[in-house]
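Data first, discussion second: the structure below is written as structure tokens.
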Amino acid sequence: MLNIVLVHPQIPQNTGAIGRLCINAGLNLHIVKPTVFDLDEKAVRRAGLDYWKKLNPKIWESLDEFLVENESRFDRFFFATTKSKKAYFEQKFKKDDFLLFGGESTGLPMWLMERNFKNALNIPMVKGGRSLNLAMSVGIIAYEAIRQNYGDLECEFLSV
């Protein structure tokens, strides 16, 4: 199952919307503390609607804790960043990959991405564009990974 990792998210509504996406797309959600809001906050639940109680996200107390626990899979960590020139759709994703996204105003720590910068990915934008909303960014990259692994994922998607 694909893994979405939010490192120090800052806006509860984005986190709630991402949780809702994870439930509907069959994705695991990892939230790495610290966050600037309480994960029980009303805004998170409102954005996640009734999905939030079904989500059961994995909460990590620190980035170090998350990295120690998942070190063996580090080669399949992909970092969403505006600092990369590699577009997300140029990457071949696997069904158990980790897609990492940083906080809305901070992004991911450079020291983390430098450990494997070939896995740093961007979402192309026009000149002058700075960044996209976190929930939108997660959706864009997650659904590309789903598209590439559609038949191999553990969940069954409804036909549209």
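Laboratory data are not the source of any read-out in this text; all were calculated from the coordinates shown. Here the structure is a predicted model, which is why all the values come from computation and not from measurement. No Cβ is skipped: glycine too gets one built from the backbone with ideal geometry, and neighbour counts run over all protein chains shown.
Among the residues making up segment 87-112, a single one is in contact with a strand residue (DSSP E or B) (Cβ under 7 Å, 6 or more places away or on another chain) and of a type in the set (S, T, N, Q): GLN91. Selection within segment 102-117: residues that are in contact with a helix residue (DSSP H, G or I) (Cβ under 9 Å, 6 or more places away or on another chain) and assigned to a loop (DSSP other than H, G, I, E, B). The member of this set that is surrounded by the most Cβ atoms within 10 Å (Cβ to Cβ) is GLU104. Please determine, by comparing only the residues of segment 54-101 that are in a loop (DSSP other than H, G, I, E, B) and small (Gly, Ala, Ser), which one is nearest to SER131 (Cα to Cα). For segment 54-101, the residue satisfying everything is SER84. The residues of segment 10-35 that are in contact with a strand residue (DSSP E or B) (Cβ under 8 Å, 6 or more places away or on another chain) and not in a helix (DSSP H, G or I), listed by number, are GLN10, LEU27, ASN28, LEU29, HIS30, ILE31, VAL32, LYS33.
The single residue among PHE66, PHE93 that is crowded, with 19+ Cβ neighbours inside 10 Å, under 15 Å from HIS30 (Cβ atoms), among the hydrophobic types (A, V, I, L, M, F, W, C) and within 15 Å of the chain's Cα centre (by Cα) turns out to be PHE66.
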